[in-house]
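Only one structure is covered here, and it is reproduced in the block below.
The values are calculated or read from the model by the stated rules, or taken from the named source; none is laboratory data. Please read these numbers as outputs of a predicted model, since none were measured by experiment. Cβ sites come from the backbone with ideal geometry, for glycine too, and all protein chains shown count toward neighbours. For accessibility, only protein heavy atoms count, side chains too; no ligands or nucleic acids. Shrake-Rupley method; radii C 1.70, N 1.55, O 1.52, S 1.80 Å.
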Amino acid sequence: MNTTDRRVLTSSLPRVAVVGRPNVGKSTLLNRFVGRREAIVEEKPGVTRDRREETADWCGRRFVVIDTGGWMSDPADPVDAAVRDQVAVALAQADVILFVVDAQAGISQEDAEAAKLVRRAGVPCLLVANKVDNEVAEMQLADLYALGVGDPLPVSALHGRRSGDLLDAVVAALPDEDEDGGPEPDELAEASVALVGRPNVGKSTLFNRLCGDERSIVHDAPGTTRDAVDTVVSLDGVPFRFVDTAGLRRKARVDDRTEYYSRVRAIQSLERADVALLVIDATAGITTADQKVAEEIVDAGRAAVVLLNKWDLLGREEKLSLADDVEDKLRFIAWAPVLRISARTGYNVVKLRAVLDRVLTNFRRRVPTADLVRTIEQAQAHHTAPMVRGATSRIRYATQARHSPPTFVLFANRRLGPDYVRFIENRLRDAYDFEGAPLRCKVKVSERQKKR
Ligand code: GDP
């Protein structure tokens, strides 16, 4: 097989580039990959003198490893041309970067500069902390967070310590083999919906209308507690599990019809729900009790839709003043879409399914790290964080730790004020569709800076 053939053969495989200063242990690490019985199957000369490409195979996943060679630094220029070239080549070609640092030597100015380039390029990156030969050394990894390229993965290339874990992490970071692969298991289960709101706003009426629609298929399902009953309602073929529906189907007990009990109910059902439908009696405006239920939704971290019910009873003036009322009194849940409905006449009820779909998609949204880092860099370029004790805080890295609700971790060198975190949240909402989903941002300040 000649070189051209090989290139064709490997061109569709994902590419992993290894970058790092000389002597951090890149070659030893690469040889570990090669040396494993399951790993390298072929080798071919790189296009340039200092680049090697090899095809690796780990647990059935094949990928190309590109060794970009070490960079030599010019002391006069912290980001000299060699660094830039090497990283540029790697970034232009790679799906994943393996950024290798020497954990014993600690991070140098060059490491920091290269990390900056890596972050800017927005290619997923694994930070490999090499020369971590024992548990004690593992404790000293905290400083590496300051590079802003993710959690350090401790390995010892020389002793082979944790190299299997590293290969697992590489494979996990590769782009999906099958781009349009099926949904994840938790997305196959029906979404749980809590109908919440104070008494007499129309929850039962709405629920019975949804169940009564000729396109709906309804069946009861046991709830998680003894007396809780859930109802799975398929709206146009899409199943939704309405939680704790006993009180909605028959007339609720007398004590359930007080605001106190309806709040307790709301809190309990929110615990089991993905999305809350906050039902409001539009004829009464937004009351304090409505605001309290909305607060429970925010505290529980659930997706939400605001339903202004009894719309059929409102005159023109009332409709206008209600819009102002919503904007003012439900400001803290302004991310939730508002639907005007009439449970009694059925007005707009048919729109509910599409709104639920949209909100649930946003609630489960995952932003790739590379994309997220780029968005946050742009936000910071636009508006830098205020000074903390004479120095500027900077977010060096960010990642979405969880979805449902979307939860972001911002790695910063100093504390970030709540206003700035809110600003970042708003930029995330501008950049991605999070309508109906609450966002959570946690700030992690790097250890070294905290001590100062
Ligand atoms: P729940 O306590 O929140 O479950 O409220 P209900 O569903 O029992 O409704 C309370 C009252 O409001 C009942 O008399 C309903 O008929 C009435 N109602 C509910 N929704 C609407 C609506 O959209 N328009 C009108 N005009 N009345 C409604």
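Per 0.36 nm of contour for each residue apart, how much would the distance between Asn31 and Ala246 grow if the chain were fully extended, relative to their Cα-Cα spacing?
Full extension of this stretch gives 71.0 nm more.
Rounded to the nearest 0.05, what FRET efficiency do His383 and Ala354 have when you use their Cβ-Cβ distance and R0 = 45 Å?
0.80
Averaged over all directions, how much area does the convex hull of the C-alpha atoms of region 354-452 cover when projected, in nm²?
6.2 nm²
How much of the accessible area of region 258-324, probe 1.4 Å, is carbon plus sulfur, in whole percent?
47 percent
Suppose R0 equals 22 Å. What FRET efficiency, 1/(1 + (r/R0)^6) with r the Cβ-Cβ distance, do Asp95 and Arg429 give to the nearest 0.05?
Step by step, r from the Cβ atoms, then E = 0.20.
Kindly report, to the nearest 10 Å², the accessible surface of Thr287 as traced by a 1.4 Å probe over protein heavy atoms only.
40 Å²
How far apart, in nm, are the 7 Å Cα→Cβ label points at Thr407 and Asp133?
3.8 nm
For Gln268 paired with Arg365, estimate the spin-label separation in nm (one decimal), with each label point 7 Å from Cα along the Cα-to-Cβ line.
Those two pseudo-labels are separated by 3.4 nm.
Which chymotrypsin sites (Phe, Trp or Tyr not before Pro) in region 399-450 sit in a loop by DSSP (not H, G, I, E or B) and have at most 10 other Cβ atoms within 10 Å of their own Cβ?
none
Tell me, what is the per residue accessible area of region 316-452 in Å², probe radius 1.4 Å?
55 Å²
What Kirkwood Rh does region 316-399 have if only Cα atoms enter the pairwise 1/r average? Answer in Å.
17.1 Å
Would you mind checking which residues have amide H under 5 Å from Asp244's amide H? H placed 1.01 Å from N; only 5 or more apart, or other chain.
Placed amide hydrogens put Val229, Asp230, Thr231 under 5 Å from Asp244.
Quick one: go through region 292-322 and flag any residue whose amide nitrogen is under 20 Å from the point 7 Å out along the Cα-to-Cβ line of Arg422.
292, 294-302
Kindly work out what percent of the DSSP beta bridges joining two residues of region 231-318 are antiparallel, to the nearest 5.
Around 40 percent of the beta bridges assigned by DSSP in region 231-318 are antiparallel ones.
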